[in-house]
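The values are calculated or read from the model by the stated rules, or taken from the named source; none is laboratory data. Fair warning: this is a prediction, and the values are worked out from it, not measured in the lab. When we count neighbours, we look across all protein chains shown, and the Cβ atoms used for this are built from the backbone with ideal geometry, even at glycine. The accessibility values were calculated without ligands, DNA or RNA, using every heavy atom of the protein model including side chains. Shrake-Rupley method; radii C 1.70, N 1.55, O 1.52, S 1.80 Å.
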Amino acid sequence: MICFEHVSKFILSDVSIHIPEGTSCGLIGASGAGKTTFLKLASGLLMPEQGFVHTLRKNPVTQRNQLGVSIGALLNNIPVLADYNSIKSNFDDLQIIFQLSQSKFKREYQMLADVLGFCAYENEMIKSLSLGQRRRVELAALLLRRPKLLLLDEPTIGLDQTAKDNLRLLLREYQKEGMTLIISSHDMSEIS
């Protein structure tokens, strides 16, 4: 699924790792330890200074368009949704972009809205949401199409305990169905 061969970039030096399909992997470390760099390399947002990265057997930099439908990435400071649209409007756009049938879209959207708890404010503009509300919606946007690979950078920032628990249960279900998860955190309890 993801293979790093002697990869170096910024703080990461000579990293070699293979993460098989269908597994869940946690990246633990303090701020500045290279967790986000690892995720950006795996998603193709960064190019290694040395070594090779393969994601889903493709070069994530040069073949990023081919990987786009198979990867979902939540990276801090990189917006997932349009700020000046409502949640509902953003999701209507995602239905078209992901080419989801109306029935599949409605089923997935309603399940995610219920589990992550954003039904009550689905008509709000993204820019007006609190950090926790925005995080719930961004996670749902990534999960809507059930990507093969999900890269999550500190996904529980801003979430209350109920939302954290619901997200954990949902991710376990998706992993059982074959989704590969890579989750970064500075807190070991957030990964388990």
Take Gly178 and decide whether it is assigned to a loop (DSSP other than H, G, I, E, B) and more than 18 Å from Lys88 (Cβ to Cβ). yes
Take the residues of region 94-107 that are in contact with a helix residue (DSSP H, G or I) (Cβ under 8 Å, 6 or more places away or on another chain) and in a helix (DSSP H, G or I): which is farthest from Ile71 (Cα to Cα)? Gln102
Can you tell me how many residues within region 109-131 are under 22 Å from Leu170 (Cβ atoms) and surrounded by fewer than 15 Cβ atoms within 10 Å (Cβ to Cβ)? 7
Among the numbered conditions (1) of a type in the set (A, V, I, L, M, F, W, C); (2) over 25 Å from Gly178 (Cα atoms); (3) in a loop (DSSP other than H, G, I, E, B), tell me where Ala120 comes up short. (3)
Taking region 90-108, which residues are surrounded by 16 or more Cβ atoms within 10 Å (Cβ to Cβ) and either over 17 Å from Ala120 (Cα atoms) or free of Cβ contacts under 8 Å to residues at least 40 places away in the same chain (or both)? Leu94, Gln95, Phe98, Leu100, Phe105, Glu108
Residue hits (region 19-69; closer than 16 Å to Pro147 by Cα, open to solvent by 50 Å² or more (accessible area, probe 1.4 Å), not basic (Lys, Arg) and not in a loop (DSSP other than H, G, I, E, B)) are Ser24, Asn65, Gln66
